[in-house]
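Only the coordinates and a few stated rules stand behind these numbers; no lab work does. All values reported here derive from a predicted model rather than from experimental measurement. Note that we place each Cβ from the backbone using ideal geometry, even for glycine, and neighbour counts take in every protein chain shown.
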Amino acid sequence: MSLALLIYRGATAALWPFAGLWLGARARRGKEDSLRLGERFGRYQQAREGGTLVWLHAASVGESGVALQLIEALGARAPDLSFLLSTGTRTSAELVARRAPPRTTHVYAALDRTRAVRRFLKHWRPDLGVFVESELWPNLILETEKSKTPLALVNARMSPASLRHWNSWNSAGKRLLAAFAYVSAADARTGAALSRLRGSGVPVLGNLKLAALAPRIDAHARAALAAEIGARPLWLAASTHAGEDEIILAAHQRLRAEFPDALLVLAPRHPGRGVALAALAGNAPRRSQAAPIGEGPVYVADTMGELGLFYDLAPVAFVGGSLAPHLSGHNPVEPAKLGAAIISGPYVASFQDVFDALSEAGGAIVARNGAELAIAIMRLWRDVPARVRQIEAARASVAHGADALTETVNRLAALLPAPAHAPA
C-alpha cells in the first residue's frame, strides 16, 4: 500500500461523520435523489438477481451509455446473466431508467468509504466488476480486489491533467492498476500512460462510444418540429455550458444580419439552465414548457433525451463544452451518425482523439470564437455539396467502434465464471 493510498483511506474515514450533511446539502440543490440517499451509504432496498451478476460502474451519462452497450452485448451472448449498473449522478440514473435492458438494476454508487463499499459488496456479491473510462475510486477498487471479484477497466480515457496527476502519484497508480485483471484504453495517449504505470502493454482498442447506435428518433415529434421550422435556416448549439451561451447568441446575431429568419436551437448540457437561457435569449420559448417555436430567433431545447432529435433536424451543429479553456468538449459521435455537420470550439481534451480523427478526415470544423462560428455556419448553409462531404466524412470516421466493442465483450466474457462464458 502506497503512502498516498494510506493517507486517502485515513482521510475518507475522518470525513465519514460529515457525509450525511454533505449529501443532504446536495439533495437540497437537486444533485442527489433524496429518496435514495441510503444507496450512497451502501444500503439497498433492491434484491440481488440470482445467478451470475456482472457489475458495471460508470460516472455519468456518457460512461453510462457505454456501460449499457456492454450490458446489451453481454446479455445477447449469455441471456442468463444479470447486471448491476452503479452511477454517480441523477442524469445518469434517468438515462438508465429509460434505456436499461431486462435483468438490469441501477443503483447509486456507494461513497468511497471502506464501510460503505463493504456493505455494497456484501449485498450484491458481483461475479465481475467492470469500471468504465476513469472512475478509479481507491477504496472501491481495493475492497473489490480483496473480495476476490475479478476487475476490468475498459475504454480508459484520461485527460492530460488526469494523467499528470496519476504520474505524480506513481506508486498509488501502480497499486490500483494492479487490481485489474484486464485494462484497455480508448486512445493512444491513455494507453501509453497506463502501460507505463502497469508495467505491461495496455491495448488501445479505440473509443467504445464510437460503437453507439444513433439514438431512435420520435418520427411524430420530428415531423411536428420540422413543420414549425419550415424552410428557415437552422443550426443547433448542443450541450452548451455557462460562459458559452453569450458567444453563441452573438454569433447568431451575426447570422441574422445575413439570414434574417435564421433559427438557433440552444440545448444546454444541463436542462435546469433552461430558465436562465430563455431569459438571456430575450424570453425565448422553451421545449420543456411545450412552447411553440413561433417566429422568434431562438428556441431553448431544455429537455432530457431529445438531443438526437435536434441533431437529426439540424443541418449544422455546434458541439458545446468547447469554447472556454476550463471546458473539455463533448462527444461528437451522435451528430456524426445523425448527419449534422459538426463545428466545435478548440477545447476538446476529453474527446481529443475523436475530434482529431474527424478533423483529419474533413469531418469537423474548429471555431475559436463567435465570429469564426458564424462564418463556418454561413459557409455550410451556402455550400450544400461541401456540407454533404463533411457529413459523409464524419460518418465514415466514427464507423470503427464495432470491432472495439466485440473485443471488449470477448475479454469480459473470459473473466466470468465458466458456465457464463459462452463462445462468441
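For the chain, set up a GNM with springs between Cα atoms under 10 Å and report which of LEU358, LEU313, LEU35 has the largest fluctuation.
Greatest mean-square fluctuation among the candidates belongs to LEU35.
Taking 8 Å as the Cα distance limit and 6 or more residues as the minimum spacing, I'd like the relative contact order of region 270-364 as a percentage.
20 percent
Given Cα pairs under 8 Å that are at least 6 residues apart, what percent is the relative contact order of region 219-397?
21 percent.
What ranking do MET158, MET378, MET304 get, fewest neighbouring Cβ atoms within 10 angstrom at the top?
So the residues, fewest neighbours to most, are MET304, MET378, MET158.
Classify region 219-397 as rounded, prolate or oblate from the Cα gyration tensor: take a ≥ b ≥ c as the square roots of its eigenvalues, call it rounded if a/c is under 1.5, otherwise prolate when a/b beats b/c and oblate if not.
Rounded shape, in that the Cα axes give a/c under 1.5.
Starting from the alpha-carbon convex hull of region 138-285, give the projected area averaged over all orientations, in nm².
Its Cα hull, projected and averaged over all orientations, spans 13.4 nm².
Tell me which trypsin sites (Lys or Arg not before Pro) from region 106-165 have a DSSP coil assignment and no more than 14 other beta carbons within 10 Å of their own.
Within region 106-165, the qualifying trypsin sites (Lys or Arg not before Pro) (loop, at most 14 other Cβ atoms within 10 Å) are LYS148.
Which residue, THR87, THR149, THR12, has the most motion in a Gaussian network model of the chain that connects Cα atoms within less than 10 Å?
Taking springs between Cα atoms under 10 Å, the residue moving most is THR12.
Quick one: Debye curve from the C-alpha atoms of region 69-202, no solvent, what's log10 I(q)/I(0) at q = 0.09, 0.10, 0.11, 0.13 Å⁻¹?
Log10 of I(q)/I(0), two decimals: -0.28, -0.35, -0.42, -0.60.
Ranked by Cβ crowding within 10 angstrom, fewest neighbours first, how are THR144, THR52 ordered?
In increasing order of surrounding Cβ atoms, one gets THR52, THR144.
Taking springs between alpha-carbon atoms closer than 10 angstrom, which of ASN207, ASN167, ASN139 fluctuates most in the Gaussian network model of the chain?
ASN167
Which whole-number percent gives the relative contact order of the chain, counting Cα pairs below 8 Å spaced six or more residues apart?
That works out to 13 percent.
Can you give me the angle between helix 90-99 and the longest principal axis of the chain, using Cα atoms only, in degrees from 0 to 90, rounded to the nearest 10?
The two axes meet at around 90 degrees.
Add +1 for every Lys or Arg and -1 for every Asp or Glu among the other residues with Cβ under 9 Å from the Cβ of ARG273, and state the total.
Cβ neighbours under 9 Å give a net charge of -1.
For the chain, state the semi-axes of the equivalent ellipsoid (square roots of 5 times the eigenvalues of the alpha-carbon gyration tensor), sorted largest first and rounded to whole angstrom.
39, 24, 21
When the C-alpha atoms of region 342-390 are aligned to their principal axes, what extent does each axis show, in angstrom, from largest down?
Here the spans come out as 31, 23, 10 Å, largest first.
Which lysines have a Cα lying under 20 Å from the Cα of LYS337, excluding residues fewer than 8 positions away in the same chain?
Within reach: LYS209.
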